[in-house]
Amino acid sequence: MRVAVVAPSGRFAQDVAEPVRALAAEHGIDLHIHDQCGRAHGHFAGTDAERLAAFVEVADDPEYDAVWFARGGYGACRIAEAAIAALGPAARDKAYLGFSDAGYLLAGLYRAGFPHLAHGPLAQDVTREAGEAAVRRALGWLKDRDPSALEPGLERGERYAAFNITVFGLLLGTPLEPDLTDHILLLEDVAEHAYRTDRALFHITAQPAMRRLKGIRLGRVSDVPPNDPDFGAEAEEIARFWCERSGIPYLGRADIGHDADNKVVPFGAL
């Protein structure tokens with residue numbers, strides 16, 4: 001199996017690349033880390049044109065079985081619409097795995113009918129505490145669709161999608177927004193003040209299209225900065241509040257987040 005790694009957002013350091021490549025080899029995966037991942041252009045892993053071209057190149061190459069996103073950060077929204085429009089037929093045969101800022105691409109691909117998409121660990125996650133387990137989980141899903149990699153609350157017959165709260169709120173109303181009618185939406189976030197989470201969940205749950213969800217499950221909302229004065233509600237209280245107000249069923253917690261325990265959530269029917 002051959003898997004390509006690209007960085008649609010921030011730079012992926014080469015000293016991180018070698019341990020990830022070694023883990024992939026243990027799983028019988030020939031991992032190609034595109035040289036674009038190591039480029040630098042301000043905040044980004046190369047210019048918009050370079051990042052777009054690298055993504056389209058590997059997605060359209062029939063020699064690769066999957067595309068694995070290198071890391072999050074910011075920048076995928078700048079290329080997603082044009083990149084997806086440029087893809088050819090071979091791109092639909094691949095699996096695509098990532099989360100956080102890669103959600104812009106996953107959303108647009110799902111909207112375009114791509115069938116093999118999943119929220120899950122990034123290559124960069126090897127740098128986290130216990131990050132090797134996260135990378136092995138990603139590789140197990142890419143190679144064998146390992147069921148132990150999946151978020152444990154997923155049920156056969158249900159349809160799912162998973163996103164970062166901030167990313168998902170910002171892509172609503174754009175050409176990247178997918179149809180999530182009758183889906184269960186899993187959400188997570190990191191390093192956002194509680195009032196920002198409250199505002200984002202207001203925006204998400206107020207969308208008429210989101211009120212056709214089957215429900216929302218909340219993953220980990222971690223590293224919340226202190227607020228002065230204290231906001232007075234934790235993330236789950238906020239989620240329950242907006243679900244109740246909007247009429248979207250709140251279905252409990254989910255085992256996803258910006259950490260090494262982040263599980264895989266395939267998009268669509270399990």
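The values are calculated or read from the model by the stated rules, or taken from the named source; none is laboratory data. None of these values were measured; they are calculated from a predicted model. All Cβ positions, even for glycine, are placed from backbone atoms using ideal geometry, and neighbour counts span all protein chains on display. We work out accessible area using only protein heavy atoms, side chains counted, and drop any ligands, DNA or RNA first. Shrake-Rupley method; radii C 1.70, N 1.55, O 1.52, S 1.80 Å.
Numerical summary
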quantity: Residues of segment 142-177 satisfying the condition of being hydroxyl-bearing (Ser, Thr, Tyr) and part of a loop (DSSP other than H, G, I, E, B); calculated: Thr174
quantity: Sole exception among (1) of a type outside the set (S, T, N, Q); (2) over 15 Å from Asn164 (Cα atoms); (3) at pLDDT 95 or above for Leu270, by number; calculated: (3)
quantity: Pairs where the first residue, in segment 162-186, is in contact (Cβ under 8 Å) with a residue 60 or more places away in the chain and under 16 Å from Arg111 (Cα atoms) and the second is assigned to a strand (DSSP E or B) and of a type in the set (Asp, Glu), C-beta under 9 Å, 6+ apart; calculated: Ala162/Glu188; Phe163/Glu188; Val167/Asp189
quantity: Only one of Leu180, Leu218, Leu139, Leu185 that is assigned to a loop (DSSP other than H, G, I, E, B) and either crowded, with 20+ Cβ neighbours inside 10 Å or at pLDDT below 95 (or both); calculated: Leu180
quantity: Leu154 surrounded by 24 or more Cβ atoms within 10 Å (Cβ to Cβ) and either touching an Asp or Glu at 6+ places or on another chain (Cβ under 8 Å) or hydrophobic (A, V, I, L, M, F, W, C) (or both); calculated: no
quantity: Number of the condition not met by Glu50 [criteria: (1) in contact with a His (Cβ under 9 Å, 6 or more places away or on another chain); (2) within 25 Å of Ala134 (Cα to Cα)]; calculated: (2)
quantity: Residue list for segment 36-49, filter: part of a helix (DSSP H, G or I), open to solvent by 10 Å² or more (accessible area, probe 1.4 Å) and at pLDDT 95 or above; calculated: Asp48, Ala49
